[in-house]
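Please read the structure below before turning to the comments.
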Amino acid sequence: MIDPDHLYKADIGSANHLFLSLHDDFIPSFFSFLQKGFMIQAKVGCSVRSLLHDQFDISEAYMDHCIQTIFIDGKPVDDMDTTTVQDGSTLALSSAMPGLLGAALRRGGHYAPMRSQITHEKSKKTLEVKNGQMMIKLFNLTLRDLGPLFLDRGLWVEAEDLRVFFCKRSDNFWGGCSRARVDGGDVEPRQLPHFAWTGALIHLQLKAT
C-alpha cells in the first residue's frame, strides 16, 4: 500500500514523466493505482465541491447524484460545500455502497446521525486557497467514470509500483501501446518493465486511442 507520507515527502521535481498512448480497452488495467491512492497537485483551501467541479471539471449533476460517499482523511463527509480540502489531505470518492454500512456512510443520508462522532467536521475558518498536493482514492463506479479523467490529466505514482505493474503485463497489452515517452523522449513500450527510473515518483499520463 502507498504510504502517503512517502509520497508527500518525495521530490516531485525529480519525478520522471511517462506518457503512454494505448488502446482504450487497456485503460482500466491502471485502475488499481486509483484505488490504492495517487497524488495530484491542486489548489487547496477550497471546498470539496470547488475542488471537484472547478479544478477537475466534474459536473454538478455527477457530484450530487453519483458521488454518494466521501471521506477526507478517513472521516465521512456530509456537506461538500462546507468541508475544506487541505494540503496533504487524502480524499476518497465512491458511489453508493451496499448494505446498512453503506447507507450509514452515505453523505446526508437518513443514517448519517449514527456516525456523528466520526464525521468530518465542517470547516470553522476560512483557509487560504493555495497550491498544494493531496492524495485521491476512487472506488466503485467512480473508478469507471472518473478514472480516465484523472489518468488523462496526469497523476503521480510510485516508480516501484509501476515497474511491478509493467512486469505483469501480457503481450496483448504491449500490442495495444502505440507510443511511450519518458521525459519527452520516445521509448519502446516493451522496455518499460526494465527502464531505470531516476526518481521515486513517476508522473503518469495516459491517452486513449
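For the reader, a short list of remarks on this structure follows.
- Conditions (1) free of Cβ contacts under 8 Å to residues at least 12 places away in the same chain; (2) buried (at least 16 other Cβ atoms within 10 Å of the Cβ): number failed by ALA159: (1)
- Some residue of segment 195-209 being more than 30 Å from VAL85 (Cα to Cα), in contact with a helix residue (DSSP H, G or I) (Cβ under 9 Å, 6 or more places away or on another chain) and crowded, with 16+ Cβ neighbours inside 10 Å: yes
- Identity of the residue in segment 179-194, more than 21 Å from PHE38 (Cα to Cα) and part of a loop (DSSP other than H, G, I, E, B), that ends up farthest from the chain's Cα centre (by Cα): GLU188
- Put simply, of ASP78, ASP64 the only residue that is charged (D, E, K, R), modelled with pLDDT under 95 and part of a helix (DSSP H, G or I) is ASP64.
- Number of positions in segment 168-209 that are closer than 16 Å to PRO28 by Cα, hydroxyl-bearing (Ser, Thr, Tyr) and touching a strand residue (DSSP E or B) at 6+ places or on another chain (Cβ under 9 Å): 1
- Only listed residue being polar (S, T, N, Q), surrounded by fewer than 20 Cβ atoms within 10 Å (Cβ to Cβ) and over 30 Å from VAL187 (Cβ atoms), chosen from SER29, SER50: SER50
- Of all residue pairs spaced 6 or more apart or on separate chains, those with beta-carbon atoms under 9 Å, a first member in segment 36-48 that is touching a residue at least 24 places away in the same chain (Cβ under 8 Å) and a second member that is assigned to a helix (DSSP H, G or I) and of a type in the set (S, T, N, Q) are ALA42/GLN55; LYS43/SER50; LYS43/GLN55; CYS46/GLN55.
- Close pairs (6 angstrom Cβ cut-off, 6 or more residues apart or separate chains): of a type in the set (Gly, Ala, Ser) in segment 185-209, surrounded by 15 or more Cβ atoms within 10 Å (Cβ to Cβ) anywhere: GLY199/ALA15; GLY199/ASN16; ALA200/ALA10; ALA200/ALA159; ALA208/ILE27
- Qualifying residue in segment 153-165 (condition: modelled with pLDDT under 85 and either in a helix (DSSP H, G or I) or under 23 Å from ASP54 (Cα atoms) (or both)): no
The values are calculated or read from the model by the stated rules, or taken from the named source; none is laboratory data. Given the structure is predicted, the values throughout are model-derived calculations rather than measurements. Counting neighbours? That spans all protein chains shown, and the Cβs are built from the backbone with ideal geometry, glycine included.
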